[in-house]
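What follows is one structure encoded as structure tokens, with my remarks underneath.
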């Protein structure tokens, strides 16, 4: 599940519990709406409470990171979840998030 919280110009993106394909469309819509806010200048992604993640959510996070860079926003990723680290290693993309 994805939870979003806006604090002034910061958008906190918290991944927790199960992040699986059956909720990815809802997560995408939430992110899309939040990213359209011109006040947002910084994104923080927190994976601490993540229990499981599938490829669809990983693609969503990669797309978010790409959009953040294209828009010139600041990005802070806290890959504190063993599950998140594991999937990054599985796909050989750990360097994208370091």
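Scanning region 1-47 for residues that are at positive phi and assigned to a strand (DSSP E or B) turns up just one, 17. Within the set 87, 61, the sole residue that is in contact (Cβ under 8 Å) with a residue 40 or more places away in the chain, part of a helix (DSSP H, G or I) and buried (at least 17 other Cβ atoms within 10 Å of the Cβ) turns out to be 61.
Only the coordinates and a few stated rules stand behind these numbers; no lab work does. The shown structure was predicted, so the numbers you read here are calculated from the model rather than taken from an experiment. Reconstructed Cβ throughout: ideal geometry from the backbone, glycine too, with neighbour counts over all protein chains shown.
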